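Asks: Here's a structure for you.
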Amino acid sequence: METRDVIKKRNSIRKFKDETINKDELSKLLEAAECASVGHGYYDKMHLTVVQNKEVFDKFNEVIKEDTGKENSLFYNAPTLIVMSTNIEEDLLAGQCVGTMGENMLLMATDLNLGCVYIDTFLESIKKDENALKLLDLPEGFRPIAAIAVGYMDMPSVPKNHKIEVNYI
Amino acid sequence: METLEAIKKRVSVRGYLDKQITDADLDKVLKAGMQAPIGRGKYYDMHITVIQNKDFLEKIDNLTDRLIFYKAPTLIIVSARDDGHGLDKENSACVMENMTLAATDLGLGSIYLNLVIGLIKDNKDILKELNLEEGFVPVAALGIGYTDGEFEPKDHIIEVTYIK
């Protein structure tokens, strides 16, 4: 699909079919992430974790429920989560490097007609629970910042028009 | 251009021709930025400043001896207001990535810049001229313009763990 159409089409999908995305789709998402703008070329300071394991999801949902009291899965029971982590200490740079990787994956997912959403709230609960965090098996010194939930859509994709204020000098 | 092609072709361009981009292209780049995902839909916590005034650009360029925006004829600053959730950085990055991909798609060169932001934040005069609304802080900048070279995309590797 044309880049400009994909940028317009991307929107947050929060309901997924049970079926997991295929290997080829997953590999394109990861390839897109690797092409993101990462400050200082710190690609070795970024880490991706693909989670497709039901037991891990169940544990996450349990921990989230305990922490927030919310019954609903904060990752929308997506069959694939791609968690983005970093060992960049400075939050200002860490957040931006994660953001560009995330956006590249969202655009790639949209191009592949997959549903996706950028999420981070659920990680707050996971980070608080040592055992849940261990399930991510992150390299020493890395912390999760955000994730992409992705799968086959089980709700209509309705792109919205957003406005950000601009001034010209 | 196909999405994956634009994603793969995007490179940091560090040299620009002395020729301004068209208003139509600028508008397309800005619109792409506006379509980025913003946490909790708070698009009103984001702001974009387009700088094309030569004197002002020179003033910014003179903040240090180093090339901080590679004399790009257009500098786009993305600012954000942190609502307490710390999403300002990720939100800005999504706006930035959309703009740099849109620029690549249009055949323009672009570069994601951080150093210039630190210098602007440290300079009260320049910060004042940005005329940002209360609470907004510059987060990142995009240099954009025409370039005369072909740039070879680089292959980057990010380590992946699979939990199946």
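The numbers here are math on the coordinates, done by the rules we state, and not lab data. In this text, all values refer to a predicted model and were calculated from it rather than measured experimentally. Cβ: placed from backbone, ideal geometry, glycine included. Neighbour counts: every protein chain shown.
Asks: Excluding B:G143 itself, calculate the net charge of residues whose Cβ lies under 10 Å from the Cβ of B:G143, where each Lys or Arg counts +1 and each Asp or Glu counts -1. Kindly include the intermediate steps, with their values, before the conclusion.
Replies: On the way: positive: B:R14, B:K71; negative: none.
Net charge in that neighbourhood comes out at +2.
Asks: May I pose another question? Summing +1 for each Lys or Arg and -1 for each Asp or Glu, what net charge is found among the other residues whose Cβ lies under 11 Å from the Cβ of A:T68?
Replies: Numbers: positive: A:K65, A:K70, A:K128; negative: A:E66, A:D67, A:E71, A:E124.
Net charge around A:T68: -1.
Asks: Kirkwood hydrodynamic radius, the range A:1-115, all distinct C-alpha pairs: what's the number in Å?
Replies: Numbers: mean 1/r = 0.0645 Å⁻¹.
Mean inverse Cα-Cα distance, inverted, gives 15.5 Å.
Asks: When the Debye formula is applied to the Cα atoms of the range A:1-49, each taken as the same point scatterer, what base-10 log of I(q)/I(0) results at q = 0.16, 0.31 Å⁻¹?
Replies: Relative scattering, expressed as log10 I(q)/I(0), comes to -0.72, -1.13.
Asks: Next up: What full-extension length gain, to one decimal in nm, is calculated for B:D18 and B:H85 as 0.36 nm per residue of separation minus the Cα-Cα distance? Walk me through the intermediate numbers first.
Replies: Numbers: separation 67, 0.36 × 67 = 24.12 nm, distance 4.06 nm.
Residue separation times 0.36 nm, minus the Cα-Cα distance, leaves 20.1 nm.
Asks: Determine the relative contact order of the range B:60-164: mean sequence separation of Cα pairs under 8 Å and six or more apart, normalised by residue count, in whole percent. All intermediate terms of the calculation are to be shown ahead of the outcome.
Replies: Values: 118 pairs, mean separation 41.1, N = 105.
Relative contact order of the range B:60-164: 39 percent.
Asks: So which lysines can A:K163 reach, going by Cα to Cα under 23 Å and dropping same-chain residues fewer than 8 places off?
Replies: Answer for A:K163, where 23 Å is the Cα cut-off: A:K8, A:K9, B:K28, B:K31, B:K42, B:K89, listed by chain and number.
Asks: I want to check the label-to-label distance for A:S73 and A:D154. Put each point 7 Å from Cα in the C-beta direction and report it in nm to one decimal.
Replies: With each label point 7 Å from Cα toward Cβ, the separation is 0.8 nm.
Asks: Rounded to the nearest whole Å³, what is the per residue volume of the convex hull around the Cα atoms of the range B:1-125? Write down the numbers at each step before the final one.
Replies: Working: hull volume 14.9 nm³, N = 125.
Enclosed volume per residue, from the Cα hull, is 119 Å³.
Asks: Around A:N167, what is the net charge, scoring Lys/Arg as +1 and Asp/Glu as -1 over all other residues with Cβ under 13 Å from its Cβ? Kindly include the intermediate steps, with their values, before the conclusion.
Replies: Details: positive: none; negative: A:E165, B:E129, B:E133.
Every neighbour counted, the sum reads -3.
Asks: Using Cβ contacts closer than 10 Å as the measure, can you line up B:Y162, B:Y70 from fewest to most? Spell out each step's value before the answer.
Replies: On the way: B:Y162 12, B:Y70 18.
Sorted ascending by nearby Cβ count, the order is B:Y162, B:Y70.
Asks: Could I ask something else about it? Taking GluC sites (Glu not before Pro) as candidate sites, keep only those in a DSSP loop with at most 15 other Cβ atoms within 10 Å, then name the longest stretch of chain B containing none of them.
Replies: Details: sites that count: B:E133, B:E134, B:E150.
Free of exposed loop sites, the longest segment is B:1-132.
Asks: For an R0 of 25 angstrom, estimate the FRET efficiency from the Cβ-Cβ distance between A:L92 and A:T121 and round to the nearest 0.05.
Replies: Numbers: r = 21 Å, r/R0 = 0.82.
With a Förster radius of 25 Å, E is 0.75.
Asks: Using a Gaussian network model of chain B with C-alpha springs under 10 Å, which one of B:P37, B:P138, B:P153 is most mobile by mean-square fluctuation?
Replies: Result for chain B, Cα springs under 10 Å: B:P153 fluctuates most.
Asks: Students often forget the sequence filter, so: which lysines lie under 22 Å Cα-Cα from B:K59 once same-chain residues fewer than 8 apart are removed?
Replies: Reachable lysines: B:K19, B:K71, B:K121, B:K124, B:K128.
Asks: Also, I was wondering about something else. State, to one decimal in nm, how far the label point of B:N131 lies from the label point of A:N131, with both points 7 Å from Cα in the Cβ direction.
Replies: Computed distance between label sites B:N131 and A:N131 equals 5.8 nm.
Asks: Hey, another quick one. For a label point 7 Å from the Cα of A:Y42 along Cα→C-beta, name the residues of the range B:126-164 whose backbone N is under 17 Å from it.
Replies: What the label zone holds, given the 17 Å backbone N cut-off, is B:139-141, B:157-159.
Asks: While we're on this one: How high is the relative contact order of chain A, given as a whole-number percent (alpha carbon pairs under 8 Å, six or more residues apart)?
Replies: Numbers: 264 pairs, mean separation 64.0, N = 169.
Computed over chain A, the figure is 38 percent.
Asks: To continue, here is another question. So if we plug the beta-carbon distance of A:E62 and B:K59 into 1/(1 + (r/R0)^6) with R0 = 41 Å, what FRET efficiency do we get, rounded to 0.05?
Replies: Rounded to the nearest 0.05, the efficiency is 0.15.
Asks: Trypsin sites (Lys or Arg not before Pro), restricted to the range A:96-169: which are DSSP loop and have at most 16 other Cβ atoms within 10 Å?
Replies: On the way: sites: A:K127, A:K128, A:K134, A:K160, A:K163; in loops: A:K160, A:K163.
Passing both the DSSP loop test and the Cβ count: A:K160, A:K163.
Asks: Arranged from highest to lowest average of other beta-carbon atoms within 10 Å per residue, in what order do the peptides A:34-42, B:28-36 appear?
Replies: Details: A:34-42: 19.9, B:28-36: 22.8.
Descending mean neighbour count gives B:28-36, A:34-42.
Asks: Give me the percent relative contact order of the range A:1-85, please, defined on Cα pairs under 8 angstrom at least 6 residues apart. Numbers along the way, then the final one.
Replies: On the way: 51 pairs, mean separation 38.3, N = 85.
Relative contact order, the range A:1-85: 45 percent.
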